[in-house]
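One structure below.
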Amino acid sequence: MRAELLQLAADLARKGEPFVLAMVVRKQAYSSAQQGDMAVITADGGYHGWLGGNCTQPTVKREARRALVEGTPRLVSLSPEPQTEARPGVLALPMTCHSGGTVDIYLEPVLPAPRLLLFGDSPCARALAQLAKAVGWSVDSVAADPVAHADRGYTDYAAPEIAALAAANARKFAVIATMGEADEDSIVAALSARPEYIGIVASRRRFAEIRESLLGRGVSAEALDRVKNPAGLDIGARVPEEVALSILAEIVQLRRSPAEAAQPEPPPTEISALDPVCGMTVVVARARHRAEHEGHPYYFCNARCRERFLAEPARYLGAAAGT
């Protein structure tokens, strides 16, 4: 099972699909989970593997979604008495399994590499491609002669593959470094990919001319306001390699700043209910076991809880009201 999960993780990473790799790193009896048990949780909620009883899944899925949104790992402790598991760096949450054990689960989000969309084959563009690859980014080059270090190359500025990048899972950043060739077409193509950042290597006077030209072509002023000119941080750069460094530094600053960076949209809030028998949280939309009593719906984590409730509803509703 572990080899299959690692293969699944490798396949997802190769396709650029975000997922979370989860592993049990600590347990206390009595839990069906074992140290080293693994699971892969995909962005669409798919759950592959084993981390203990089914009662752990809703919590793990919820925390996995949060890890993907925040892009940071987390250590979750599920315990019948979460207050006793409070430790720095540990998120202590209630364990609702009947076994009553404690399980610590490490969640590692695996996100697609950021993509740098480069327009032009100028010395600055070539230096940027090298730097981006050095920090593990993916590079798309758009030029008559795509740069050597790019993962993908396009010679057509209107290539449909460029606009298709808007739907890519990875975070995207675009830089126009064409040295005056096809600047307008490059900006239009870059806007179609919907990157978080668009920078152009050009003088302010030249960009003012480009802006007027694009306004005349029907490009909105709001869209053009997103274009950063001059691109890069002011570090006194002069040679192309220094300019490339200043641009990549500006993008990294944007990417790492929670206040500025465009974050993935958080998942929609799911409506949940408590199983009146065992107290487990059940997602209403995915509940397989349901019952109605006196016109009110109830949701259960398994068939056994449903049967026990139907046999003595007053007993469990009274207990739920007491808690």
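The values are calculated or read from the model by the stated rules, or taken from the named source; none is laboratory data. Fair warning: this is a prediction, and the values are worked out from it, not measured in the lab. All Cβ positions, even for glycine, are placed from backbone atoms using ideal geometry, and neighbour counts span all protein chains on display.
Quick notes
- Unique residue being assigned to a strand (DSSP E or B), outside the structural domain of A13 (by TED's automatic domain parsing), closer than 25 Å to A13 by Cα and in contact with a helix residue (DSSP H, G or I) (Cβ under 8 Å, 6 or more places away or on another chain) when the list is A132, A174: A174
- Selection status of A177, over 15 Å from R226 (Cβ atoms) and more than 21 Å from the chain's Cα centre (by Cα): yes
- When we screen R205, R171, R238, R211 for residues that are out of contact with any strand residue (DSSP E or B) (no Cβ under 6 Å at 6 or more places or on another chain), closer than 16 Å to L118 by Cβ and either at pLDDT 90 or above or surrounded by 13 or more Cβ atoms within 10 Å (Cβ to Cβ) (or both), the only hit is R171.
- Any hit, the range 130-139, residues being of a type in the set (V, I, T), at negative phi and more than 25 Å from the chain's Cα centre (by Cα): no
- Qualifying residue in the range 243-255 (condition: in a helix (DSSP H, G or I) and modelled with pLDDT under 90): yes
- Restricting G101, G71 to residues that are assigned by TED's automatic domain parsing to the domain that holds L51 and over 19 Å from Y30 (Cα atoms) narrows the list to G71.
- First in the range 194-219 and in the same structural domain as S122 (by TED's automatic domain parsing), second anywhere and among the acidic types (D, E), Cβ under 6 Å, 6 or more apart: I210/D183; I210/E184; S213/E184; L214/E184
- Here the range 190-226 is the region considered, the condition is being hydroxyl-bearing (S, T, Y) and over 34 Å from the mean Cα position of the chain (by Cα), and the residue that is farthest from K172 (Cα to Cα) is S213.
- Residues of the range 262-281 include at least one that is modelled with pLDDT under 95, of a type in the set (V, I, T) and either in a strand (DSSP E or B) or crowded, with 17+ Cβ neighbours inside 10 Å (or both).
- Tally, over the range 115-158, of residues that are within 14 Å of A189 (Cβ to Cβ), surrounded by 15 or more Cβ atoms within 10 Å (Cβ to Cβ) and modelled with pLDDT under 90: 1
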